[in-house]
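Working notes, beginning with the structure itself.
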Amino acid sequence: MSLPIYLIGARGCGKTTVGQALATALGYAFSDTDRHLQQTTRRTVADIVAEEGWDGFRHRESQSLQAVTAPATVIATGGGMVLAVENRNYMREKGQVIYLNAEAGVLAARLEAYPEQEQRPTLTGRPIADEMVEVLAARDALYQEASHYVINAMQHPDSVVEDIINILALARAS
Ligand code: ADP
Ligand code: MG
């Protein structure tokens, strides 16, 4: 049975973009915890945070993680999924966890180039570049800890997909 593949990392690292391409390449299903949350609640992340606070959002996020977990599925997770230790343990136990690693400046440039895709409110209300530096400083260790493999996400999405496939194939062969 093919284990689920979880993609983790900060906003803009390519979890959705790479996840969809990886799923296609492997013939896996694709799920996105943010999208699942929005479809089941019929609200945007921003709405949920406004109405229930970040704690309410985080609780619903854990439920979404478990709901979308299935064999032969690539799962793009919300950027803050690793904040809860139960989510980190759950992903590591259930599947292969891949950290899409990119520098703060790269992430900020991507999010600034496509602000309309960014439905999540900023965490600090400050410029996105400053925020990404802070977010990575706070979370990089958690992404590292939660992941089985770290992949350079500052390459073309096709190359990121190729690296993931190679690293998973190597792991299987050893
Ligand atoms: P996430 O789901 O991790 O927040 P997305 O997949 O939504 O990230 O990507 C955020 C933005 O960055 C999108 O506009 C996407 O097209 C772009 N992007 C994602 N991965 C790459 C990449 N490897 N190279 C260049 N742009 C990328
Ligand atoms: Mg996404």
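The values are calculated or read from the model by the stated rules, or taken from the named source; none is laboratory data. As the structure is a prediction and not an experimental result, all values here were calculated from the model. No Cβ is skipped: glycine too gets one built from the backbone with ideal geometry, and neighbour counts run over all protein chains shown. For the accessible areas, the whole protein counts, side chains as well, though only heavy atoms, and no ligand, DNA or RNA atoms are used. Shrake-Rupley method; radii C 1.70, N 1.55, O 1.52, S 1.80 Å.
Data overview
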quantity: Zone residues, the range 83-104, relative to A141, backbone N less than 20 Å from point 7 Å out along Cα-to-Cβ; calculated: 83-90, 92, 99-104
quantity: Rounded accessible area per residue of the range 5-173, 1.4 Å, Å²; calculated: 48
quantity: Cα long-axis angle, helix 45-68 against the chain (0 to 90 degrees, to the nearest 10); calculated: 10
quantity: Calculated FRET value between T40 and T16, using beta carbons and R₀ = 25 Å, to 0.05; calculated: 0.90
quantity: Extension gain, M1 back to N166 (0.36 nm per residue minus Cα-Cα distance, nm); calculated: 57.5 nm
quantity: With every protein chain in place, the chain: carbon and sulfur % of accessible area (1.4 Å); calculated: 51
quantity: Principal-axis tilt of helix 104-113 within the chain, Cα atoms, nearest 10 degrees; calculated: 70
quantity: Isotropic mean projected area of the C-alpha convex hull, the chain (nm²); calculated: 9.5
